[in-house]
Amino acid sequence: MSSDTPTIYIAYRRVDGRTPSGIHRFTESLKKIPFEPVLDTGKIASDEEWLTETRKRIEACDVMCVLIDETTADSTWIKQEIDWANTSGVPVLSVVLDETKSIHLERLGLQDIQYVFFDSTHGDLGSIVLILIQMVLVSRKRLMKSRLIILDKQASLPNYTIFTDNQLKPSINGVFNNPSQDPQYDCDIFVIMPFREPFNTIFKDHIKPFGSKYGLKIKRGDDFFSRGSIMSEVWSAMFNAYIVIAECTGRNPNVFYELGIAHTLNKPGILITQNIDDIPFNIQHLRNIPYEYTPHGVGELERNLEKAIVKLLYGEDLK
């Protein structure tokens with residue numbers, strides 16, 4: 001498995017010291033995606049070193065799957081694993097095995113957590129794959145937020161260095177000065193587009209909803225309030241974003257000016273346009289999504305944007 005392969009910690013209960021066959025089928029199904037399932041080693045719970053190691057493995061995983069059957073609710077060990085996941089911010093998904101009738105999620109503190117069903121007879125993960133992909137995105141976003149990407153002013157060319165919070169962050173002396181750390185500029189995806197129709201509707205109804213679906217903050221230049229210039233606001237938001245989406249329809253000069261800044265910051269971009277000729281020939285090789293402003297066309301835009309966002313943040317194609 002590569003380091004980019006999502007890791008899924010499997011919390012389950014052994015039966016007479018053995019791993020149930022349904023657990024094996026679930027983990028084998030994960031490997032085919034591919035996900036990397038992580039299971040505990042099965043040593044006794046009194047081993048302090050093993051407890052420490054197990055907790056570290058849980059904290060290092062992207063998602064925890066709790067496999068539920070009739071015996072799971074009474075497991076003190078699974079409750080401990082869930083508590084470690086919650087403490088470290090690892091998303092938890094409950095997976096109910098086969099024809100389990102008595103789930104009792106409340107005994108594990110999972111009554112408010114989403115749960116899905118897995119039929120080990122067929123071994124088909126079905127919609128579980130998409131759910132796990134979304135959860136991995138949220139989990140990795142949480143890890144990315146623990147670091148800041150800072151432009152190093154000492155370099156002769158743009159250079160990006162990752163600094164932890166306790167390290168000295170170099171300042172930037174330039175046209176826009178240092179990016180503001182005001183929380184209003186905290187965003188994951190920054191959208192570059194004119195502030196008028198039909199683009200207002202495209203942003204509100206067809207781009208921004210990805211925020212609630214994937215737990216992302218999606219903003220554009222008119223979302224901010226300060227006494228500074230709008231370009232200082234755009235600079236701060238773009239600096240903090242992971243991805244930019246640029247609406248190129250109509251060849252608006254401001255859009256391409258801001259897109260140039262995004263490229264200088266080495267931000268991955270997605271270009272969208274109602275006319276492919278509105279994208280200059282020298283950047284038409286970049287990731288772009290042509291669309292028609294019709295009910296069917298904006299539906300296609302949403303689907304293609306979702307695939308591109310998942311690819312950029314997650315590194316895999318949306319299944």
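List of remarks:
- Helices (runs of 4 or more DSSP H) (entirely within the stretch 223-319) containing at least 2 residues that are over 23 Å from Phe210 (Cβ atoms): 230-240, 253-264
- For the stretch 93-211, the strands (runs of 3 or more DSSP E) that sit wholly inside it and include 3 or more residues that are modelled with pLDDT of 65 or more are 115-118, 189-192.
- Scanning the stretch 233-256 for residues that are farther than 12 Å from Tyr185 by Cα, touching a residue at least 40 places away in the same chain (Cβ under 8 Å) and either hydroxyl-bearing (Ser, Thr, Tyr) or surrounded by fewer than 20 Cβ atoms within 10 Å (Cβ to Cβ) (or both) returns Tyr242, Thr249, Gly250, Asn252, Asn254.
- The stretch 257-283: number of residues that are within 29 Å of Asn240 (Cβ to Cβ) and either in contact with a helix residue (DSSP H, G or I) (Cβ under 7 Å, 6 or more places away or on another chain) or among the charged types (D, E, K, R) (or both): 10
- Meets criteria (under 27 Å from Pro6 (Cβ atoms), under 21 Å from the mean Cα position of the chain (by Cα) and aliphatic (A, V, I, L, M)) for Leu271: no
- Residue list for the stretch 10-30, restricted to those being at pLDDT below 85 and surrounded by fewer than 15 Cβ atoms within 10 Å (Cβ to Cβ): Arg14, Val15, Asp16, Gly17, Arg18, Ser21
- Pairs where the first residue, in the stretch 46-69, is over 16 Å from Val136 (Cα atoms) and among the hydroxyl-bearing types (Ser, Thr, Tyr) and the second is modelled with pLDDT under 90 and surrounded by 15 or more Cβ atoms within 10 Å (Cβ to Cβ), C-beta under 6 Å, 6+ apart: Thr54/Asp40
- The stretch 1-34, residues that are within 19 Å of Met135 (Cβ to Cβ) and β-branched (Val, Ile, Thr): Thr5, Thr7, Ile8, Ile10, Thr27, Ile33
- Within the stretch 281-307, residues that are without any contact (Cβ under 8 Å) to a residue 40 or more places away in the chain have Cβ atoms under 6 Å from residues that are of a type outside the set (Gly, Ala, Ser) and loosely packed, with under 13 Cβ neighbours inside 10 Å in these pairs: Pro290/Ile276, counting only partners at least 6 apart in sequence or on another chain.
- Only one of the listed residues (Leu259, Leu265) is at pLDDT below 90 and either surrounded by 17 or more Cβ atoms within 10 Å (Cβ to Cβ) or out of contact with any Cys (no Cβ under 7 Å at 6 or more places or on another chain) (or both). That residue is Leu265.
- For the stretch 31-49, the criterion of being of a type in the set (A, V, I, L, M, F, W, C), outside any loop (DSSP other than H, G, I, E, B), at pLDDT 85 or above and exposed (fewer than 15 other Cβ atoms within 10 Å of the Cβ) is satisfied by no residue at all.
- Some residue of the stretch 210-227 being loosely packed, with under 15 Cβ neighbours inside 10 Å and closer than 30 Å to Leu132 by Cα: yes
The values are calculated or read from the model by the stated rules, or taken from the named source; none is laboratory data. In this text the structure is predicted, and so the values were computed from the model without any measurement. When we count neighbours, we look across all protein chains shown, and the Cβ atoms used for this are built from the backbone with ideal geometry, even at glycine.
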